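A short worksheet on the structure shown next.
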Amino acid sequence: MNLPRLLATACCLALLPLAVASPSHASGGPAAPDRPLRQLAADDHLRIGTAVDVSALTDDTDYRRLTGSEFSTVTPENVMKWESLEPRQGEYDWAAADRLVDFAHRHGQKVRGHVLVWHNQLPSWLTAGDLDAGRLRAALHRHITDTVRHFKGRIWQWDVVNEAFNEDGTLRDSIWLRTLGPGYIADAFRWAHEADPHALLFYNDYNTEWTGPKSDAVYDLVRSLRAAGVPVDGVGFQGHLSIRYDLPTGMADNFARFDRLGLATAVTEADVRMPVPADSGRLATQAEGYRRLLDACLRTRRCISFTVWGFTDRYSWVPDTFPGEGAANLFDEDYRPKPAYRALQSELAGRARSEAAG
Ligand code: 9MR
């Protein structure tokens with residue numbers, strides 16, 4: 001474990017060819033082994049994953065092929081969110097999420113369930129319902145119980161609570177905090193555990209990859225939950241980076257303190273956006289951003305999965321949310337692998353991690 005990195009520096013990645021028809025036909029560059037990420041990651045006892053757009057999975061053959069061949073775990077990008085599962089109160093629609101879980105099963109992939117408690121993408125009947133604390137708590141209990149039971153035995157990791165903190169480490173003002181108080185977090189983990197005792201239960205957030213008030217707050221939260229016997233198993237670091245800012249340092253040290261609590265960790269939503277159009281310098285910096293995230297995970301004993309938030313620039317949340325930015329993924333819009341893809345290949349191939357990923 002933790003052998004020195006052999007390959008993949010930002011300087012050399014910039015020289016790798018960009019226009020390659022498909023990863024399996026790529027010339028690859030001097031250091032890049034031409035094996036799918038999931039095979040390389042298996043050698044390091046790591047699951048490598050992607051968020052999946054289920055419409056693209058249904059309609060786009062290239063997307064479907066790469067989802068199956070490159071990744072060993074999948075996360076539904078949107079179809080397991082409350083507004084998708086229960087658009088009208090009491091009427092569940094599991095179809096799209098079930099399709100993805102079935103796909104994963106057929107391709108030997110594990111599933112990260114995303115997400116049980118969040119402040120976004122809630123159904124309007126819930127947010128406009130003006131429920132008092134008793135009724136809101138009952139609704140949350142029912143949502144968690146029904147959802148986790150529906151997928152029982154088929155979800156490896158659940159993101160139970162997502163993005164509960166502000167940047168300064170205070171709790172986010174959400175419908176949950178306002179109406180139920182901070183105890184909603186522990187309740188959510190307990191209810192999820194009751195519904196599927198074998199699923200690994202995660203707290204998940206962004207801008208927590210490095211140390212600072214927000215990751216300190218997450219650390220204090222999970223430490224106190226564990227001390228109180230609340231069934232939290234892991235912490236997810238989303239890994240949404242932008243090359244407009246200095247790339248983060250010290251991530252492995254931050255992950256390590258969670259590891260020392262006995263928790264699993266995971267990179268859950270990695271992408272590295274840039275001002276568009278992309279150029280070779282930006283692509284090299286992006287590759288280094290991905291490499292650093294993966295390196296932090298590989299250095300962490302119980303970092304069990306590394307998931308990218310989509311793998312192709314063809315389908316990405318970034319341009320809609322950050323006008324003028326994009327090109328955040330491993331493959332371009334025509335499914336050509338970018339230097340970031342080669343960086344992950346090289347990083348995985350240059351390591352020999354001996355710990356099991358669970
Ligand atoms: O990628 C998701 C995008 O399609 C949705 O429109 C958006 C709605 O908020 O959510 C995106 O996914 C988010 C994830 O669920 C939680 N972490 C941040 C992700 C990017 O916004």
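The values are calculated or read from the model by the stated rules, or taken from the named source; none is laboratory data. Quick caveat, the model's predicted, so the values are computed rather than measured. Reconstructed Cβ throughout: ideal geometry from the backbone, glycine too, with neighbour counts over all protein chains shown. For the accessible areas, the whole protein counts, side chains as well, though only heavy atoms, and no ligand, DNA or RNA atoms are used. Shrake-Rupley method; radii C 1.70, N 1.55, O 1.52, S 1.80 Å.
Look at residue 228 and say whether it is of a type in the set (A, V, I, L, M, F, W, C), surrounded by fewer than 22 Cβ atoms within 10 Å (Cβ to Cβ) and in contact (Cβ under 8 Å) with a residue 40 or more places away in the chain. Judged against the criteria, residue 228 is a match. In a residue-by-residue description of the stretch 315-323, the property of being over 24 Å from residue 214 (Cα atoms), of a type in the set (Ser, Thr, Tyr) and more than 16 Å from the ligand (Cβ to nearest atom) applies to no position. Here residue 212 clears all of (1) surrounded by 23 or more Cβ atoms within 10 Å (Cβ to Cβ); (2) away from the ligand (no atom under 16 Å from the Cβ) except the condition numbered (1).
One line per residue, one yes/no per condition, for (1) outside any helix (DSSP H, G or I); (2) open to solvent by 10 Å² or more (accessible area, probe 1.4 Å):
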| residue | (1), (2) |
| --- | --- |
| 203 | yes, no |
| 223 | no, yes |
| 246 | yes, yes |
| 249 | yes, yes |
| 257 | no, yes |
| 271 | yes, no |
| 285 | no, yes |
| 288 | no, yes |
| 295 | no, yes |
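For residue 237, the conditions (1) under 24 Å from residue 278 (Cβ atoms); (2) crowded, with 23+ Cβ neighbours inside 10 Å all hold with the exception of (1).
Against the definition (under 16 Å from the mean Cα position of the chain (by Cα), on the phi < 0 side of the Ramachandran plot and open to solvent by 10 Å² or more (accessible area, probe 1.4 Å)), how does residue 302 come out, yes or no? Against the criterion (under 16 Å from the mean Cα position of the chain (by Cα), on the phi < 0 side of the Ramachandran plot and open to solvent by 10 Å² or more (accessible area, probe 1.4 Å)), residue 302 qualifies.
Considering every residue within the stretch 111-128, establish whether at least one is open to solvent by 10 Å² or more (accessible area, probe 1.4 Å), without any contact (Cβ under 8 Å) to a residue 60 or more places away in the chain and β-branched (Val, Ile, Thr). Before you say what the answer is, go through the steps one by one.
Step one: filter the stretch 111-128 for residues open to solvent by 10 Å² or more (accessible area, probe 1.4 Å), giving 118-122, 124-125, 127-128.
Subset that is without any contact (Cβ under 8 Å) to a residue 60 or more places away in the chain: 118-122, 124-125, 127-128.
Going one step further and asking which of them are β-branched (Val, Ile, Thr), we end up with 127.
Yes, because at least one residue in the stretch 111-128 is open to solvent by 10 Å² or more (accessible area, probe 1.4 Å), without any contact (Cβ under 8 Å) to a residue 60 or more places away in the chain and β-branched (Val, Ile, Thr).
Within the stretch 64-95, if we keep just the residues that are part of a helix (DSSP H, G or I), touching a helix residue (DSSP H, G or I) at 6+ places or on another chain (Cβ under 9 Å) and more than 15 Å from the ligand (Cβ to nearest atom), the residue that is farthest from residue 35 (Cα to Cα) turns out to be 64.
Taking first residues from the stretch 233-251 that are over 22 Å from residue 164 (Cα atoms) and at pLDDT 95 or above and partners that are surrounded by 23 or more Cβ atoms within 10 Å (Cβ to Cβ) and small (Gly, Ala, Ser), the Cβ contacts under 8 Å between residues at least 6 apart in sequence or on separate chains come to 243/289; 247/289.
Residues that are modelled with pLDDT of 95 or more, outside any loop (DSSP other than H, G, I, E, B) and in contact with a Gly (Cβ under 6 Å, 6 or more places away or on another chain) do not occur anywhere in the stretch 41-50.
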